[in-house]
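The structure under discussion appears below in the form of structure tokens.
What follows is calculated from the coordinates using simple rules that are stated; it is not laboratory data. No experiment lies behind these values; they were computed from the predicted model shown. Note that each Cβ is placed from the backbone with ideal geometry, even for glycine, and that neighbours are counted across all protein chains shown.
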Amino acid sequence: MGNPFASEVALVMDGERRVLKLTLGALAELETAMGEDTLVALVGRFEAGSFSSRDVMKLIVAGLRGGGWQGRAEDLLHAEIAGGPMAAARAAALLLARAFMLPEGADNAL
């Protein structure tokens, strides 16, 4: 599990535990990749359960890059994700949620 206070999410890919994080740069890259000016539409799709596999992939790539990964999106086309597509979708949704919400009790630290 990643550190929720740092907005991190862990995902095991090809047997290796990776930490994903949506930094400001990763969020900007995600907006560009999606052709959107904001991420509101993406958040809405995840909240409604109407996201696509492309949405999941773009979020995972942005999170990996925010976590320091230097790969390309194409590198993930054949990656083995522990738990399969559902685990990837859960990680993407959690990553998005953690990027915009403070963990419980953290609001007192502000």
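Would you please put 65-73, 20-28, 79-87 in order of how densely packed they are, using the mean number of other Cβ atoms within 10 angstrom per residue and starting with the highest?
20-28, 65-73, 79-87
Lys/Arg Cβ at +1, Asp/Glu Cβ at -1, dipole of the chain taken about the Cα centre: which of Ile60, Met101, Ser50 is farthest positive-ward?
The Cα lying farthest towards the positive end belongs to Ile60.
Based on the alpha-carbon gyration tensor of region 4-102 and its eigenvalue square roots a ≥ b ≥ c, which shape applies: rounded if a/c is under 1.5, prolate if not and a/b is larger than b/c, or oblate?
Numbers: a/c = 1.34, a/b = 1.28, b/c = 1.05.
Verdict is rounded for region 4-102.
How large is ³J(HN,Hα) for each residue in region 16-32, as worked out from phi by the Karplus curve 6.51 cos²θ - 1.76 cosθ + 1.60 (θ = phi - 60°), to whole Hz, x for Gly and Pro?
10, 6, 10, 9, 10, 7, 9, 6, 4, x, 5, 5, 5, 5, 5, 4, 5
In whole angstrom, note down how far apart the Cα centers of region 87-102 and region 1-71 are.
7 Å
What is the sum of charges, Lys and Arg at +1 and Asp and Glu at -1, for the other residues whose Cβ falls under 11 Å from the Cβ of Glu80?
Neighbourhood net charge equals -2.
Enumerate the amide H contacts of Arg18 below 5 Å, restricted to partners 5 or more residues apart or on another chain; note that Pro and chain-start residues carry no placed amide H.
Amide H neighbours of Arg18: Leu11, Val12, Met13.
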